[in-house]
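Asker: This is the structure I want to talk about, given as structure tokens.
All of the numbers you see were taken from the coordinates with simple rules; none came from a lab. In this text, all values refer to a predicted model and were calculated from it rather than measured experimentally. In this analysis, Cβ positions are derived from the backbone assuming ideal geometry, glycine residues included, and neighbour counts consider all displayed protein chains.
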């Protein structure tokens, strides 16, 4: 009897593998790429004399392909030009019930919300590893956000390296039943069309937790949008 494994059974494994690849430091990727190219050159040099040369070339090609895939996955986290970065066809439905906003895990392994910045809608990834909320330059312009006058640019670390950003104050950032008014946000052209809700917003909540793959946000009474 042949066992059958449905596509959905493999999704957690693929997501876990992608997360592992994203976490590999860039310095180690560079060393691995150089080593793979060196093996390829050695293989090409001895290919006519030994079958080992062909094996080395094959291994080199496979290693370089894996390294390229890893770089794409790492860039995709903060670059919306990659199709895997942002869900383009809808988002998992966020549900408001019992004073909570419940957000299912997206197929890409992240939590996404449809939020409004001063009434202007945009897709945001919730990132507990981000200290500051980040808003793309196009969305900031549509929402009428301006960097603080006389403010000194800040440097933010992203998957693409360190980028320069300016800080603005968002009068109203709303999503689900949460209204985070007067919050700080970083704005930079380097974000592309990518937006992040960071810990400076999550810390304002009464509580937040993850249960069975669902992110549950509970705002404080003063920041709650009544159902």
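Asker: How far apart, in nm, are the 7 Å Cα→Cβ label points at residue 58 and residue 169?
Answerer: Between residue 58 and residue 169, the simple spin-label model gives 6.5 nm.
Asker: Find how much the distance from residue 51 to residue 93 grows on full extension, using 0.36 nm per residue of separation minus their present alpha carbon separation; answer in nm with one decimal.
Answerer: 9.6 nm
Asker: Follow-up. Sorting check: for 33-45, 167-179, which peptide has the highest mean count of neighbouring beta carbons within 10 Å, and how do the rest follow?
Answerer: In descending order of packing, they fall as 167-179, 33-45.
Asker: Please work out how much length the chain gains when fully extended from residue 210 to residue 37, using 0.36 nm per residue of separation minus the C-alpha to C-alpha distance, in nm with one decimal.
Answerer: Difference between extended and current length: 58.0 nm.
Asker: Which value, in Å to one decimal place, does the Kirkwood hydrodynamic radius take for the stretch 98-223 when every pair of different Cα atoms is included?
Answerer: 14.8
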